[in-house]
Amino acid sequence: MEGAWVHRILWGVAAMAAVAVLVGLVVGVVVPAVSEGPARSPEECEPRDTRVSAPYAVTGYWVIPRADPCVTRRMVEAVHQIGGDTLITFGPRFDAGEPDPGFADCVVDGRPCAEVPGKRVRHVYTYTTSEEFGPGLLRCQGLDRRVEAGERVFYRVSLAASCDDPVHDLVLISTDGDGLGNLMSEAAAYGMKVFPGLPAASQEPGKTWEPDHDHTDALTAFTGRVLADYRARFGGSAAFAGVYQSFELAMRDRAPNDPIIELYAAQHATVAATLPGRTILVSPYIDARRGRGFPPEQAGDGLADLARTRAGAPMAVAVQDGRGTGKVPVHGPHERDAKVEPRLVPVVGDISNAQAYYGATRDYIAAAARRVPPGVELWVNIEGFEPSPVDGECGRVDPLPLRGRTTKSRLDRQVMAAGTHAQKIISYGWEPFFTCQARYDTPSLADDIASGWQEPIVVSAVRKDMNGQAGILVEGHNLRGGTLRFEPEGVTVEQGWYGRGRLESAWVPYTPGAPFTAITATNGAGESSTTPYVMPQ
């Protein structure tokens, strides 16, 4: 998955664009893009359609908050129609560098907002977002301010312990509107959950993968102010599920005094104190590349290190599966010595899976599942893109690195690789990867999901006796009715039993004999798996 810095740039590009392409969807139909002109009021928006017409196995997506409530409604509706019930946003960077030129329009009493008469300003932080805050954010009368300048709103916030202190650290906030408030309102109307991103830490100069701990105290103070505002504005909303930790880290064994773990501990303690009972969502990445990554057995240690930062708050760890960036393959056990997929060749070379990687996604998820403590849920974040685009394919063209659009069958394989361990499957990211079109008259990935959502996905297969008879029990999605076909034997067997829990289950009386057996499910609707599930003997 991409870092928060990429998503912040994406948001900035989207916010400044004259037209934002948001593909709403009706099953099997490409819906025209939505123009994003001057902001409208919710009363001007088209009525909501709250039907879930194509429930897919992925139920959460990263989205970009929009200042226009009608654009937000169309986006939320599109996610909801394919079974999405969770929306996640990246937190903007709590930037310790020099303010960008856009903050020059922030003026208080004829002076730049960074200047406060009678006070010494020690440091000025900036924060570019798409949300408007309530009056509780402004604590120091005369010093803390809300400033309107053209189409933007600015806030000046002091982080001093006392308004009377002679020395102040300031945060200058710039926003184009209340995108987060719009998102929360629409999510509530659709019965969905939202995880707003925590303010992302400043990065260590020259080591952007680490936080700059010179500014951690200021970050945690600002985080507390933001979360207190969320508590006041969204505390009564069923849509407010918790917050997302925007600073990424690898889910591997961490060294003592690891700087990212220290950041997590500080910021998560603030979350637990300010929003008791709300969930902290983190999405660590895994990297299976030989020479650059780490073996699967480290994933369990990494999860345990993460869990220790939650300060008693509920936590969901959504492991990035790594397929979109090419850091981890999703092959089955029979493909260890096969060549890597063509889309992965630019990342690791034209070699075998075993030569390129320590293991596959399923190996890392299984290792993590063995170390999940009480109070923590294991989710999987399947990366909904390709490492690079090919000719004629839409995707992300700005900023770098370029990414390509993937296919619904590839997503199915990622869901398969998550196995039975994932309590929830989410995906990065809705825009542009699920909404882009190669041409105006071709379907988006979201449209392909809408037309193929009934295709079965088998995520597990084991030998199991039932009523004294040997057979195979499979688990997955959309399995009800129909048959299971076994290759290489070429045998098709009708289901003898079906059950439904967190996943669907189906059993057939059959004993395969091959070292590896490929299982294809065909359900009662006549839909078949896009990719067989391979079970070792």
#### Entry: Number of positions in region 494-509 that are part of a loop (DSSP other than H, G, I, E, B) and open to solvent by less than 60 Å² (accessible area, probe 1.4 Å)
5
## Note on the structure
Going through region 41-74 in order, the residues found to be out of contact with any strand residue (DSSP E or B) (no Cβ under 8 Å at 6 or more places or on another chain), polar (S, T, N, Q) and either modelled with pLDDT of 95 or more or outside any loop (DSSP other than H, G, I, E, B) (or both) are THR50, THR72
### Query
Can you spot a residue in region 448-459 that is at pLDDT 95 or above, touching an Asp or Glu at 6+ places or on another chain (Cβ under 9 Å) and of a type in the set (Asp, Glu)?
yes
### Failed item, numbered, when VAL491 is tested on (1) open to solvent by 30 Å² or more (accessible area, probe 1.4 Å); (2) aliphatic (A, V, I, L, M); (3) touching a Leu at 6+ places or on another chain (Cβ under 6 Å)
(3)
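For every residue, the table says whether it meets (1) buried (at least 17 other Cβ atoms within 10 Å of the Cβ); (2) among the hydroxyl-bearing types (Ser, Thr, Tyr); (3) in contact with an Asp or Glu (Cβ under 7 Å, 6 or more places away or on another chain); (4) closer than 27 Å to ILE382 by Cα.
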site: VAL71; (1), (2), (3), (4): yes, no, yes, yes
site: ALA78; (1), (2), (3), (4): yes, no, no, yes
site: GLU98; (1), (2), (3), (4): no, no, no, no
site: ALA104; (1), (2), (3), (4): no, no, no, no
site: PRO117; (1), (2), (3), (4): no, no, no, no
site: LEU138; (1), (2), (3), (4): yes, no, yes, no
### Query
Among (1) under 23 Å from LEU306 (Cβ atoms); (2) open to solvent by less than 20 Å² (accessible area, probe 1.4 Å); (3) touching a helix residue (DSSP H, G or I) at 6+ places or on another chain (Cβ under 9 Å); (4) not aromatic (Phe, Trp, Tyr), where does GLY375 come up short?
(2)
### Task
Can you tell me which residue within region 272-286, out of those that are closer than 30 Å to SER409 by Cβ and open to solvent by less than 10 Å² (accessible area, probe 1.4 Å), is farthest from the chain's Cα centre (by Cα)?
ILE286
### Query
Where residues in region 382-414 are part of a loop (DSSP other than H, G, I, E, B) and acidic (Asp, Glu), which of them is surrounded by the fewest Cβ atoms within 10 Å (Cβ to Cβ)?
ASP391
### Query
Going by the structure shown, is ALA354 open to solvent by 10 Å² or more (accessible area, probe 1.4 Å), in a loop (DSSP other than H, G, I, E, B) and not polar (S, T, N, Q)?
no
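Among ALA506, ALA514, ALA521, which is over 16 Å from GLU475 (Cβ atoms) and touching a residue at least 24 places away in the same chain (Cβ under 8 Å)? Don't jump to the end; show me each part of the working.
Numbers: ALA506 fails: over 16 Å from GLU475 (Cβ atoms); ALA521 fails: over 16 Å from GLU475 (Cβ atoms).
Matching residue, one of ALA506, ALA514, ALA521: ALA514.
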### Residues (open to solvent by less than 20 Å² (accessible area, probe 1.4 Å) and aliphatic (A, V, I, L, M)) located in region 472-482
ILE472, VAL474, LEU479
### Residue count, region 315-351 (criterion: in contact with a His (Cβ under 9 Å, 6 or more places away or on another chain) and either open to solvent by 20 Å² or more (accessible area, probe 1.4 Å) or within 22 Å of ALA422 (Cα to Cα) (or both))
3
### Query
In this structure, does ALA514 turn out to be within 25 Å of ALA366 (Cβ to Cβ), open to solvent by less than 60 Å² (accessible area, probe 1.4 Å), over 30 Å from the mean Cα position of the chain (by Cα) and modelled with pLDDT under 95?
yes
### Task
Would you please name the residue that is farthest from ALA54 (Cα to Cα), looking only at residues in region 415-471 that are open to solvent by less than 40 Å² (accessible area, probe 1.4 Å), over 16 Å from the mean Cα position of the chain (by Cα) and of a type in the set (Ser, Thr, Tyr)?
SER460
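The values are calculated or read from the model by the stated rules, or taken from the named source; none is laboratory data. All figures in this text were calculated on a predicted structure; none of them were measured in a lab. Cβ coordinates were reconstructed from backbone atoms using ideal geometry, including for glycine residues, and neighbour counts include every protein chain displayed. All accessible areas refer to the heavy atoms of the entire protein, side chains included, with ligands and DNA or RNA removed. Shrake-Rupley method; radii C 1.70, N 1.55, O 1.52, S 1.80 Å.
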